[in-house]
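Notes for the one structure printed next.
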Amino acid sequence: MFEEQNDRKLCIICSKGTLDMAYPGMVLANAALMEGIDASIFFTFWGLDMITDKKMDHLKCTPLGNPSMAMPNGMGIPNFMAMLPGMTDFATSMMKKEMEKLDFPPPREYLQTIADAGGKLYACKMTADMMKLTEDDLFEEVEGIVGAMEFLEIADGAQVIFV
Amino acid sequence: MFEEQNDRKLCIICSKGTLDMAYPGMVLANAALMEGIDASIFFTFWGLDMITDKKMDHLKCTPLGNPSMAMPNGMGIPNFMAMLPGMTDFATSMMKKEMEKLDFPPPREYLQTIADAGGKLYACKMTADMMKLTEDDLFEEVEGIVGAMEFLEIADGAQVIFV
Amino acid sequence: MFEEQNDRKLCIICSKGTLDMAYPGMVLANAALMEGIDASIFFTFWGLDMITDKKMDHLKCTPLGNPSMAMPNGMGIPNFMAMLPGMTDFATSMMKKEMEKLDFPPPREYLQTIADAGGKLYACKMTADMMKLTEDDLFEEVEGIVGAMEFLEIADGAQVIFV
């Protein structure tokens, strides 16, 4: 029923600051909003990079410690190579190109789309304090900096996904 | 009540391609099915390796960046050693042996057991596209490649666990 | 309503053994208990380090493979530097200081607070067996070592968060 669907809530916690792990939360929030499901994202720990104005356009990904990230020819990248200077930039630009080809927007644009569709973005107070971030440092669509207890109230009745 | 238990649903998202992080999702899905709980697994990002025919028998784990992974004598492995050639293979074979001793099957066999017990396996469309994977590249028990919106419909009313 | 709030349950799975990823689960469990929400934590895989008596006071974090972990001046730490001997200890002591400044207690003390407030701590049987841990090796507030099926019963009706 339409009204029941309207009651459904999705609450996503983004805790990683890498480019690859930025996407799962954004994709799910966006898909939820397109289905009329209420969606909010709570950014905590390294996930704060996703909404930090100076960092959100420069998220990186690294093949280091991730045996799944392969060269274009499918060959894995051994750690002793993955740690070489330049490899993080190489992997990052590869992923950006793939995302672009598939028409997935970069983080700032994607989060703007989510906010425009009614998704709510919150920063975690504890980790914002740890990183000395105030609202001025954050993406303008962020609703506010909230504590864990406030977050739990927002998440009442929601399906919670921790990325 | 029996009927209520039948209504319970577990929906697991596997996003990692390492051998160690392949297990939590499989163990939970299998336990759920044994209790009569509906279970499905959605493989996304690096988790697609778990159901990619050419890769699923060769998942690796690495002590790099994971201070918890220790030598058999309990001593940690510093990163400058963990990155040496051969260390990933060494850690992988150690973990395989431990799993075998405890009678936990390797991924292909475990996923077959889960499918045989009625668990549903789905691949994420966005990341399958990114990795240029079609259904022909995937483990035969995979139901299909689905988008995020379809996934959210499958996950309606479920407890969702993102690994 | 008060009675409904009392029915709310939070079930957290801690699967990581790093100092940074130890906190999200503890913060959420603690906040839940303060709001009268039932909370339990299930420690599995590397997360067992958080409740292993010999290890829980020595959790580490590493900037390796985590481009978000920056120097005090905000500059990122490239992987070829992050893997140098001493860098893990340096990053760990930096994070400990930040946590202390914000009055977040170290893991043992935080878990004690959670247990005192009625939070339940469980160890995962499969991974405890893998690491040859018995109840004697674990933090004294741990209720017991339970299997995945028992865990699913505990998690019935709960919001589940996998860290």
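The values are calculated or read from the model by the stated rules, or taken from the named source; none is laboratory data. In this text, all values refer to a predicted model and were calculated from it rather than measured experimentally. Cβ atoms come from the backbone with ideal geometry, glycine included; neighbour counts cover every protein chain shown.
Within this structure, C:Ser93 fails the test of being over 28 Å from C:Met126 (Cα atoms), assigned to a loop (DSSP other than H, G, I, E, B) and outside the structural domain of C:Val142 (by TED's automatic domain parsing).
Residue by residue through segment B:47-65, note down the ones that are not polar (S, T, N, Q) and not in a loop (DSSP other than H, G, I, E, B).
B:Gly47, B:Leu48, B:Asp49, B:Met50, B:Ile51, B:Lys60 - these are the residues of segment B:47-65 that are not polar (S, T, N, Q) and not in a loop (DSSP other than H, G, I, E, B).
Being touching a strand residue (DSSP E or B) at 6+ places or on another chain (Cβ under 7 Å), modelled with pLDDT of 95 or more, surrounded by fewer than 19 Cβ atoms within 10 Å (Cβ to Cβ) and assigned by TED's automatic domain parsing to the domain that holds C:Leu28 is the requirement here; does C:Asp156 meet it? Against the criterion (touching a strand residue (DSSP E or B) at 6+ places or on another chain (Cβ under 7 Å), modelled with pLDDT of 95 or more, surrounded by fewer than 19 Cβ atoms within 10 Å (Cβ to Cβ) and assigned by TED's automatic domain parsing to the domain that holds C:Leu28), C:Asp156 does not qualify.
Going by what's in this entry, would A:Asp129 be described as out of contact with any Lys or Arg (no Cβ under 7 Å at 6 or more places or on another chain), surrounded by fewer than 20 Cβ atoms within 10 Å (Cβ to Cβ), on the phi > 0 side of the Ramachandran plot and charged (D, E, K, R)? Before you say what the answer is, go through the steps one by one.
Values: out of contact with any Lys or Arg (no Cβ under 7 Å at 6 or more places or on another chain): yes; surrounded by fewer than 20 Cβ atoms within 10 Å (Cβ to Cβ): yes; on the phi > 0 side of the Ramachandran plot: no; charged (D, E, K, R): yes.
No; evaluated as a whole, the condition is false for this residue.
Residue-wise test of (1) under 19 Å from A:Pro63 (Cβ atoms); (2) at pLDDT below 95; (3) in contact with a Leu (Cβ under 7 Å, 6 or more places away or on another chain).
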residue: B:Thr18; (1), (2), (3): yes, yes, yes
residue: B:Ile51; (1), (2), (3): no, no, yes
residue: B:Leu59; (1), (2), (3): yes, yes, yes
residue: B:Asn66; (1), (2), (3): yes, yes, no
residue: B:Met69; (1), (2), (3): yes, yes, no
residue: B:Pro85; (1), (2), (3): yes, yes, no
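Scanning segment C:144-163 for residues that are of a type in the set (A, V, I, L, M) and in a loop (DSSP other than H, G, I, E, B), we see that the one that is farthest from C:Trp46 (Cα to Cα) is C:Ala158. Answer yes or no as to whether A:Leu64 is crowded, with 22+ Cβ neighbours inside 10 Å and under 24 Å from C:Asp20 (Cα atoms). Answer is yes for this residue. Annotation note: of B:Asp53, B:Asp38, the sole residue that is surrounded by fewer than 23 Cβ atoms within 10 Å (Cβ to Cβ) and closer than 27 Å to A:Met26 by Cα is B:Asp38. Tally up the residues in segment B:96-135 that are touching a residue at least 40 places away in the same chain (Cβ under 8 Å) and either of a type in the set (A, V, I, L, M) or part of a helix (DSSP H, G or I) (or both), please. The total comes to 16. For segment B:124-163, taking the residues that are more than 14 Å from every other protein chain (Cβ to nearest Cβ) and touching a helix residue (DSSP H, G or I) at 6+ places or on another chain (Cβ under 6 Å), the one that is farthest from A:Ala91 (Cα to Cα) is identified as B:Glu141.
Criterion applied to A:Gly76, A:Gly86 was being over 22 Å from the mean Cα position of the chain (by Cα) and facing chain B (nearest Cβ under 10 Å), and the one residue passing it is A:Gly76.
Given the criteria in contact (Cβ under 8 Å) with a residue 40 or more places away in the chain, assigned by TED's automatic domain parsing to the domain that holds A:Val142, hydrophobic (A, V, I, L, M, F, W, C) and touching a Pro at 6+ places or on another chain (Cβ under 7 Å), does A:Met50 qualify?
Working: in contact (Cβ under 8 Å) with a residue 40 or more places away in the chain: yes; assigned by TED's automatic domain parsing to the domain that holds A:Val142: yes; hydrophobic (A, V, I, L, M, F, W, C): yes; touching a Pro at 6+ places or on another chain (Cβ under 7 Å): yes.
Judged against the criteria, A:Met50 is a match.
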